[in-house]
Amino acid sequence: MGYEWLTAALAALRDVETWEVTQVLSAKLRLPMAAESAGVHFLTISGRTESGRPLVVAVRLLGGHQQQIIGAREMTPDELARFEAWEAS
């Protein structure tokens, strides 16, 4: 699966490094979930960096096996609780 960055998403990153996003997208344990905002359909991928930092990465399908990274941020406490429950199952 190939990923490319949306230029605006790179500019909007706050307190998340691009290499951390790459680690989450290549992690063995990832939780993808369908999402929608303002009529745009995309996936959120929850996972951990190699150091264990929990992040949510948003991607949209471009076609074939190509996806565009449209955002990334740290998980909220509620998201982290759901993710940890999923990890434990």
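At-a-glance table
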| quantity | calculated |
| --- | --- |
| Out of GLU74, GLU4, GLU20, sole residue that is of a type outside the set (Ser, Thr, Tyr) and exposed (fewer than 13 other Cβ atoms within 10 Å of the Cβ) | GLU4 |
| Residues of the stretch 54-71 classified as under 12 Å from the mean Cα position of the chain (by Cα) and either open to solvent by 60 Å² or more (accessible area, probe 1.4 Å) or under 17 Å from TRP86 (Cβ atoms) (or both), total | 5 |
| Where GLU87 falls short, out of the listed (1) over 10 Å from the mean Cα position of the chain (by Cα); (2) in contact (Cβ under 8 Å) with a residue 12 or more places away in the chain; (3) open to solvent by 80 Å² or more (accessible area, probe 1.4 Å) | (3) |
| Where a residue in the stretch 60-77 is within 19 Å of GLU36 (Cα to Cα) and without any contact (Cβ under 8 Å) to a residue 40 or more places away in the chain and its partner, wherever it lies, is polar (S, T, N, Q) and part of a strand (DSSP E or B), with Cβ under 6 Å and at least six apart | ARG60/GLN68; LEU61/GLN67 |
| Conditions (1) open to solvent by 60 Å² or more (accessible area, probe 1.4 Å); (2) of a type in the set (D, E, K, R); (3) in contact (Cβ under 8 Å) with a residue 12 or more places away in the chain: number failed by LYS28 | (3) |
| Filter result (without any contact (Cβ under 8 Å) to a residue 24 or more places away in the chain and open to solvent by less than 40 Å² (accessible area, probe 1.4 Å)) within the stretch 34-46 | ALA35, THR44, ILE45 |
| In the stretch 23-37, the residues that are more than 16 Å from MET75 (Cβ to Cβ), among the small types (Gly, Ala, Ser) and at pLDDT 95 or above | SER26, ALA34 |
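The values are calculated or read from the model by the stated rules, or taken from the named source; none is laboratory data. Just so we're clear, the structure is a prediction, and the values are computed from it rather than from any experiment. Glycine gets a Cβ as well: all are built from the backbone with ideal geometry, and neighbour counts include every protein chain shown. Calculation scope for accessible area: heavy atoms of the full protein, side chains included, ligands and nucleic acids excluded. Shrake-Rupley method; radii C 1.70, N 1.55, O 1.52, S 1.80 Å.
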